[in-house]
Amino acid sequence: MCNKTFAVAGISLSQLKIVYFLTGIVFIMMAANYVLALVIPQAAGGSVVSNGNVFMMLPIFAAIFIPAEHTRKMLHLGAKRHDFFLGAVPVYALLCAVSSLVMFFFYYTIDKMMLTHLDEVLDVMVAFRFITRGPVVAFVQMFAFMMLFSAFVHTLTAAQDKWYGWVADFMVIAIISVFTPIAPLRASLVWFFNLIIFHSNAWLQIIACLVLASLIYMLNRLILARKVI
């Protein structure tokens, strides 16, 4: 079972060329902004977005293309639905880990150098306050959050060709639209985002993200069982 899972994961990784291409294009565009900010500081308004943040696109794009494009292809190649279900997990784990490592590399090297020329380098890890816990804990926090987001995007994408996919889309929009203007509901929404992002207890945030990611991803068993290939 383990060999089949990693075999499926390896095939999925090799089929994500469009994801690597899109991420590379955005990276080049952002790198050009770095150069422009160094040559003409006022053109950047004294700040730039960290180029390391671009690599968050890797697991997010993969979570769109794997369920949307790879499901039928993998099953036609002989993979079982269970193998496909398990095989996507190592892909997201690897991409989330690589993305987090690259973001830390930029934060501690290139972004520090940029700060000698600019007022601010905008970074997701700083905005989420992960970096205040030290590099090891912050890495695990970033990894856990991205795994949760990848599981959410994968599950939502997998359900799009069914009626319950449209219901899920409507529910997400409704939660944002209805909860935001109503104070008690807005408080519950704030509590949720504090739990998965800003919680003062880093390990509680990590556990919450990983547990939610597992629960959301488990829904794919039901989706795959009903999917017509």
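The values are calculated or read from the model by the stated rules, or taken from the named source; none is laboratory data. As the structure is a computational prediction, the values presented were derived from the model and not from experiment. Here the Cβ is made from the backbone with ideal geometry for all residues, glycine too, and neighbour counts use every protein chain on show.
May I ask you to say which residue of SER150, SER200, SER177 is modelled with pLDDT of 75 or more, part of a helix (DSSP H, G or I) and not basic (Lys, Arg)? First the steps, then the outcome.
Details: SER200 fails: part of a helix (DSSP H, G or I); SER177 fails: modelled with pLDDT of 75 or more.
Residue meeting the stated conditions: SER150.
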Problem - Close pairs from segment 182-207: first without any contact (Cβ under 8 Å) to a residue 40 or more places away in the chain, partner surrounded by 15 or more Cβ atoms within 10 Å (Cβ to Cβ) and among the aliphatic types (A, V, I, L, M), Cβ under 7 Å, at least 6 apart - result: LEU195/ALA208
Practice task
May I ask you to list the residues in segment 94-127 that are over 22 Å from PHE61 (Cα atoms), surrounded by 12 or more Cβ atoms within 10 Å (Cβ to Cβ) and of a type in the set (Val, Ile, Thr)?
Solution key: ILE110, VAL121, VAL126
Problem - Among (1) more than 28 Å from MET125 (Cα to Cα); (2) at pLDDT below 80 - the single one PHE85 does not satisfy - result: (2)
Exercise for the section: Look at VAL126 and say whether it is modelled with pLDDT of 90 or more, part of a helix (DSSP H, G or I) and closer than 30 Å to LEU38 by Cα. Expected result: yes
Exercise for the section: Answer yes or no as to whether ILE223 is at pLDDT below 95, among the β-branched types (Val, Ile, Thr), farther than 16 Å from ALA88 by Cα and more than 14 Å from the chain's Cα centre (by Cα). Expected result: no
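Taking the criterion of being over 25 Å from ALA159 (Cβ atoms), at pLDDT below 90, assigned to a helix (DSSP H, G or I) and among the aromatic types (Phe, Trp, Tyr), would at least one residue in segment 44-60 satisfy it? First the steps, then the outcome.
Our first condition is that a residue be over 25 Å from ALA159 (Cβ atoms); within segment 44-60, this holds for 44-55.
From the residues that got through so far, the ones that are at pLDDT below 90 too are 44-49.
Checking which are assigned to a helix (DSSP H, G or I) leaves us with 44.
Those left that are additionally among the aromatic types (Phe, Trp, Tyr): none.
So far as segment 44-60 goes, no, none of its residues is over 25 Å from ALA159 (Cβ atoms), at pLDDT below 90, assigned to a helix (DSSP H, G or I) and among the aromatic types (Phe, Trp, Tyr).
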